[in-house]
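Enquirer: Quick one: structure below, then a few questions.
Rule-based calculations on the coordinates, nothing more; no lab input. Here the structure is a predicted model, which is why all the values come from computation and not from measurement. Here the Cβ is made from the backbone with ideal geometry for all residues, glycine too, and neighbour counts use every protein chain on show.
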Amino acid sequence: MTGKTAFETRYGFRRNEVLLANWRESPFNRWSFQNLGELVPTARVTATPGAAEEPVRDLGGLLGEEVSVAGAPETVAEFLLRSSTDALTVMKGGKIIGDWFAPHMDFGARHIIFSISKSVTAIIAGILEGEGVFDPEAPVTQYIPEVVGTAYGEASVRHVLDMSVSLDFEEAYLDPESAFARYRRATLWNPGGGTESLREFILTLQRLAEPHGQTFRYRSPNSDLLGLLLERASGQRFADLMRDRLWLPLGAVSEASIGVDMEGTARTAGGISVTPRDLARIGEMMRQGGMANGRQVVPEAWVRDTVATGGSSEAWQRGAMLPLFPQGRYRNKWYQSGKPSSAYCGIGIHGQWLYVDPKAEVVIAKMSSQPEPVDDSLDLEIVAFFEALTRLV
């Protein structure tokens, strides 16, 4: 009888069991979320190699501290396991104070951040706006004329940035017969892709009767369209834009990657993979008003508008995510919590979070392999956990 391989011992399954049809399902996502490039095409986003980093183990001694986020006390370590956490990095006052990794993830490994990719993409939009080559108030047709007759034909870039396009599309993650499943085939994330590109799919989308700008509607194709808008405005492929405008100026230590479709179009709505440390660096740059490594990477006014002053509370109140942040807003693909802490965040399915508490000077990057793409009750507990952890540090 043949014994288990090292891979099977670590992950609990064989590599050949991970397929395009199941890579987002548990337990296979514990591996696939760290290895997107073995499943779908990806483009590299290179970094400038720096000094070797070492992890600050066990969150600096916080693992045994108690938190109460679901009505009963549990330790930090117990919550991390219960919430299917793969990695957690915590910064305080600009310094790394702790890292934690599940047994199936190594320090320095990349992990897909799903819809935090939207937040990263919007940062690049802010950078190009500051350079004067991208106008958030322009009509989408100024950059992509072929959207005439689609949902975006009368929409502005601002509607795209703030998820207020009146788009006839539902985020039906688990319905294999939905338009969302066709969308994922176009991104090469589901079996059967390769006959319709992401761009071609977007150009088939239609609008609802309601005017644009009235309601916050979380619709991922908006953020893939944003990537196309940035490419048209800049004349560069998105991976090169991310490298030149964000990744190198940020001082990212590790290479990133992003999924691409049959035409090489970047999956800017959800296909970026980065390390926990570099994800935390993005949050710290936002906390510092767009500054990193002594330089202004993204305009301070854009950061302030994104995380503090901008966004329509009325549109948010009409949207479906109100229970998460009852006093919240959404601006440039970042969530403002509306809480006294003024915390803001980027969020991705299956438990990806980049949480910034500017008053406490805390940044938390959480990468996970939650079994369900969306778990509303757990999301509320995660926010409560971040608030408790912030008090502990």
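Enquirer: Using the charge dipole of the chain (Lys, Arg: +1 at Cβ; Asp, Glu: -1 at Cβ; taken about the Cα centre), state which of I127, F385, W316 has its Cα farthest towards the positive end.
Expert: I127
Enquirer: Still on this model: Given the Cα-Cα distance of A360 and N22 and 0.36 nm per residue of separation, how much length would full extension add, in nm? Before the final figure, lay out the partial values.
Expert: Values: separation 338, 0.36 × 338 = 121.68 nm, distance 3.98 nm.
Full-extension gain reported as 117.7 nm.
Enquirer: Ok, one more. Which value in Å does the Kirkwood hydrodynamic radius of the stretch 128-242 take, with 1/r averaged over all unlike C-alpha pairs and then inverted? Mind showing how you got there, number by number?
Expert: Working: mean 1/r = 0.0682 Å⁻¹.
Taking every pair of different Cα atoms in the stretch 128-242, averaging 1/r and inverting gives 14.7 Å.
Enquirer: Report, in whole Å, the centroid distance computed from the Cα atoms of the stretch 306-352 and the stretch 55-100.
Expert: Computed from Cα coordinates, the inter-centre distance equals 23 Å.
Enquirer: Follow-up question, since we're still on this one. Given only helices, namely DSSP H runs of n ≥ 4 each adding -39500 (n - 2.57), what is the per-residue ellipticity at 222 nm of the chain, to the nearest 500 deg cm²/dmol? Display every interim value, and only then the final one.
Expert: Working: 13 runs with 108 residues, N = 393.
Helix contribution divided over all residues of the chain: -7500 deg cm²/dmol.
Enquirer: Would you look at the GNM of the chain, springs on alpha carbons closer than 10 Å, and say which of R243, R304, R331 moves the most?
Expert: Sorting by GNM fluctuation, first place goes to R304.
Enquirer: Still on this structure: Which far-off residues, 5 or more places away or on another chain, put their amide H under 5 Å from the one on T75, with H placed in the peptide plane?
Expert: V67
Enquirer: Less than 13 Å Cβ to Cβ from L39, Lys/Arg counted +1 and Asp/Glu -1: what total charge do the surrounding residues give? Kindly include the intermediate steps, with their values, before the conclusion.
Expert: Numbers: positive: R15, R24, R184, R267; negative: E17, E25, E38.
After counting each charged neighbour, the total is +1.
Enquirer: What FRET efficiency, computed as 1/(1 + (r/R0)^6) with R0 = 35 Å and r the Cβ-Cβ distance, is obtained for R15 and E210, rounded to the nearest 0.05? The partial results should precede the final answer.
Expert: On the way: r = 47 Å, r/R0 = 1.34.
For R15 and E210, the calculated efficiency is 0.15.
Enquirer: For S178 and Q296, FRET efficiency with R0 = 45 Å and r from the beta-carbon atoms, rounded to 0.05?
Expert: Numbers: r = 43 Å, r/R0 = 0.95.
Efficiency at R0 = 45 Å is approximately 0.60.
Enquirer: Something else now. What is the sum of charges around D86, taking Lys and Arg as +1, Asp and Glu as -1, for the other residues whose C-beta is under 9 Å from the C-beta of D86?
Expert: Values: positive: R30, K366; negative: none.
Net local charge, D86 excluded: +2.
Enquirer: Modelled label-to-label distance, S342 and Q317, 7 Å Cα→beta-carbon offset: nm?
Expert: 2.3 nm
Enquirer: I've got another one for you. Compute the Kirkwood hydrodynamic radius of the stretch 232-333, taking the inverse of the mean of 1/r over all pairs of distinct Cα atoms, and give it in Å to one decimal.
Expert: Working: mean 1/r = 0.0643 Å⁻¹.
This gives a value of 15.6 Å.
Enquirer: Please list, in order along the stretch 167-177, the HN-Hα scalar couplings obtained from phi with the Karplus expression 6.51 cos²θ - 1.76 cosθ + 1.60 (θ = phi - 60°), rounded to whole Hz, x for Gly and Pro.
Expert: 9, 8, 7, 10, 7, 8, 4, 10, 9, x, 9
Enquirer: For the stretch 111-116, just list the computed ³J(HN,Hα) in residue order, Karplus coefficients 6.51, -1.76 and 1.60, θ = phi - 60°, integers in Hz, with x standing in for Gly and Pro.
Expert: Residue by residue, the stretch 111-116 yields 8, 5, 10, 6, 6, 5 Hz.
Enquirer: Let me ask something additional. With the contact rule set at Cα under 8 Å and sequence spacing of 6 or more, what percent relative contact order holds for the chain? Don't skip to the end; give the middle numbers.
Expert: Numbers: 770 pairs, mean separation 89.8, N = 393.
It rounds to 23 percent for the chain.
Enquirer: If you average the C-alpha positions of the stretch 140-171 and of the stretch 236-302 separately, how far apart do those two centres end up, in angstrom?
Expert: Here the answer is 24 Å between Cα centres.
Enquirer: Which order do the peptides 112-118, 202-208 take when ranked by the mean count of other beta-carbon atoms within 10 Å per residue, highest first?
Expert: On the way: 112-118: 27.3, 202-208: 16.6.
Sorting 112-118, 202-208 by mean packing, highest first, produces 112-118, 202-208.
Enquirer: Another question, if that's okay. Stretch D135-R391 to full length: gain in nm at 0.36 nm per residue minus the Cα-Cα span? Intermediate results must be reported in sequence, preceding the final value.
Expert: Numbers: separation 256, 0.36 × 256 = 92.16 nm, distance 3.96 nm.
Extra length from D135 to R391 when fully extended: 88.2 nm.
Enquirer: Then there is this: What's the local net charge at A72, with K and R +1, D and E -1, over the other residues with C-beta under 11 Å away? Show your work: numbers first, answer last.
Expert: Values: positive: none; negative: E66, E74, E78.
Cβ neighbours under 11 Å give a net charge of -3.
Enquirer: Straight-line reach from K359: which lysines fall under 22 Å, measuring Cα to Cα and dropping same-chain residues less than 8 apart?
Expert: Result set, ordered by chain and number: K92, K95, K333, K339.
Enquirer: Turning to a different aspect of this structure: Taking the alpha-carbon set of the chain, what are its Rg and Dmax in Å?
Expert: In Å, with Rg to one decimal and Dmax whole: 20.0, 66.
Enquirer: Comparing G108, G132, G346, which has the greatest mean-square fluctuation in the GNM of the chain with Cα pairs linked when under 10 Å apart?
Expert: Result for the chain, Cα springs under 10 Å: G132 fluctuates most.
Enquirer: What residues from the stretch 285-329 fall in the zone where the backbone N is under 14 Å from a label point 7 Å along the Cα-to-C-beta line of Q236?
Expert: 297-298
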